[in-house]
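J.: Can you keep this structure in mind? I'll have questions shortly.
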Amino acid sequence: MKGDGVVRYERNPAEENEYEYEYEEEERIVEELGMYKGKVRLVNSEEPTEETMLLWGIQQPTFSKPNAFARQTSLQLRVDACGRSLSILQSPSNLGTPGVTGSVMWDSGVVLGKFLEHSVESGRIHLQGKKVVELGSGCGLVGCVAALLGAQAILTDLPDRLRLLKKNVEANFYGDVRGSAAVNELTWGDEDNDMRNPLPDYVLGSDVIYSEGAVMDLLATLLDLSGTRTTVILAGELRNDAILEYFLQAAAEDFTIGRVDQKQWHPDCRSARVVIYVLVKKQRNL
């Protein structure tokens with residue numbers, strides 16, 4: 001207490017730093033990004049290391065159970081979504097083939113599929129009649145969910161992955177379906193594709209940030225498919241902080257990136273090993 005009778009509280013340096021951190025966190029929260037009408041935390045484009053340090057420090061993915069929702073040893077995975085039990089065929093025998101990861105489901109795919117369902121139900125995303133392109137579809141769960149939620153979905157992957165993908169689309173499209181699903185070949189980095197006219201409303205991807213060597217081709221395709229109204233939603237497994245950091249640093253050149261808090265995910269499908277980002281292409285002043 002000083003002579004004027006007012007009790008003043010002075011923060012110590014540690015409390016001051018904590019206050020500044022909380023203030024910075026609040027400053028980076030935006031109410032929506034692109035066509036995603038939910039809160040996201042903007043990633044600091046100048047310091048992508050900060051994002052990976054936060055994720056590994058807060059979520060501690062290495063201490064969490066892998067494949068909490070996916071069963072990679074089985075030939076079939078069942079996922080309840082959109083009022084039906086989806087049957088997803090897998091090919092575990094191909095998992096050991098170098099470079100082949102799309103023959104089985106990963107947690108990030110299940111999380112993203114249920115996230116879409118929950119976001120549509122809560123009004124944060126509207127997929128009815130929207131053009132959706134899924135990259136690296138693999139077994140096709142995410143694209144199938146998008147189509148069942150009303151999207152005109154195009155599921156894409158490399159030529160040797162399309163057979164399994166087509167089987168899963170055919171197996172899950174019966175009865176009253178709100179949208180549609182088509183399967184197309186797409187190699188990342190290849191500018192010769194017919195999915196740009198018109199540009200998609202949404203581009204989706206799960207577990208597509210898995211290799212440093214594939215990052216630039218992935219970004220080239222994201223840029224090629226993104227217009228002023230395109231919203232990109234990516235879910236990824238937290239395996240390698242260096243690869244994620246490399247992606248965020250490169251993507252920040254052309255995209256505004258926001259991380260979706262797990263409170264906005266489906267309550268039954270949350271994992272400390274998974275992260276969801278929303279990306280929107282930056283508008284350049286001519």
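The values are calculated or read from the model by the stated rules, or taken from the named source; none is laboratory data. Note that the structure is a prediction, hence the values are computed from the model and not measured. Here Cβ is always computed from backbone atoms with ideal geometry, including for glycine, and neighbour counts include all displayed protein chains. Side chains included, ligands, DNA and RNA excluded: accessible areas come from the protein's heavy atoms. Shrake-Rupley method; radii C 1.70, N 1.55, O 1.52, S 1.80 Å.
J.: State the answer as a single residue: which of 195, 64, 34 lies farthest towards the positive end of the charge dipole of the chain, with beta carbon charges of +1 for Lys and Arg and -1 for Asp and Glu, about the Cα centre.
T.: 195
J.: With every protein chain kept in place and ligands, DNA and RNA left out, what is the accessible area per residue of the chain? Probe 1.4 Å, answer in Å².
T.: I get 50 Å² per residue for the chain.
J.: As a check on your grasp of the helix formula, calculate [θ] at 222 nm for the chain: sum -39500 (n - 2.57) over DSSP H runs of n ≥ 4, divide by the residue count, round to the nearest 500.
T.: Roughly -9500 deg cm²/dmol at 222 nm, from the helical runs in the chain.
J.: Given a 1.4 angstrom probe, I'd like the percentage of the accessible area of the stretch 29-281 that is carbon and sulfur, rounded to a whole number.
T.: 48
J.: Further question: Please compute one quarter of the surface area of the Cα convex hull for the chain and express it in square nanometres.
T.: 19.0
J.: Further, regarding this structure: Among the lysines, which have Cα under 23 Å from the Cα of residue 167 when same-chain residues fewer than 8 positions away are ignored?
T.: 114, 131
J.: Mind listing the Cα extents of the stretch 130-286 along all three principal axes, in Å, largest one first?
T.: 44, 38, 29 Å, listed from the longest principal axis down.
J.: Let me ask another. Quick one: 3J(HN,Hα) in Hz for the stretch 40-51, Karplus 6.51/-1.76/1.60 with θ = phi - 60°, rounded, Gly and Pro as x.
T.: 9, 9, 5, 7, 5, 5, 8, 9, x, 4, 4, 5
J.: Over all Cα pairs of the stretch 56-171, how is the pair count split among 5 Å bins, expressed in % and running from 0 up to the last occupied bin?
T.: Final binned percentages: 2, 12, 21, 23, 19, 13, 8, 2, 0.
J.: On C-alpha positions alone, give me the angle between the axis of helix 107-121 and the longest principal axis of the chain, in degrees, nearest 10.
T.: Its long axis makes an angle of about 80 degrees.
J.: Collect residues whose amide H, placed 1.01 Å from N in the peptide plane, falls under 5 Å from the amide H of residue 180; neighbours closer than 5 in sequence don't count.
T.: 151, 152, 153
J.: Another question, then. What do you get for GluC sites (Glu not before Pro) in the stretch 168-204 restricted to DSSP loop and a cutoff of at most 14 other Cβ within 10 Å of the site's Cβ?
T.: Of the GluC sites (Glu not before Pro), the ones in loops of the stretch 168-204 whose Cβ has at most 14 other Cβ atoms within 10 Å are 191.
J.: Here is a further query. Would you mind telling me which residue in 58, 125, 233 has the biggest mean-square fluctuation in a Gaussian network model of the chain, where springs connect alpha carbons within a distance under 10 angstrom?
T.: Highest fluctuation among the options: 58.
J.: Under a 10 Å cutoff between Cα atoms, tell me which one of 171, 81, 146 has the largest fluctuation in the Gaussian network model of the chain.
T.: So, out of 171, 81, 146, the one fluctuating most is 171.
J.: Using a Förster distance of 41 angstrom, determine the FRET efficiency expected from the C-beta separation of residue 176 and residue 240, and round it to 0.05.
T.: So the FRET efficiency works out to roughly 0.45.
J.: Pop a pseudo-label 7 angstrom from the Cα along the beta-carbon direction at both residue 32 and residue 192 and give the gap in nm to one decimal.
T.: Distance between label points: 4.0 nm.
J.: Which residues' amide hydrogens lie under 5 Å from the amide hydrogen of residue 274, considering only partners 5 or more residues apart or on another chain, with H built in the peptide plane?
T.: Counting only residues 5 or more places away or on other chains, the set is 238.
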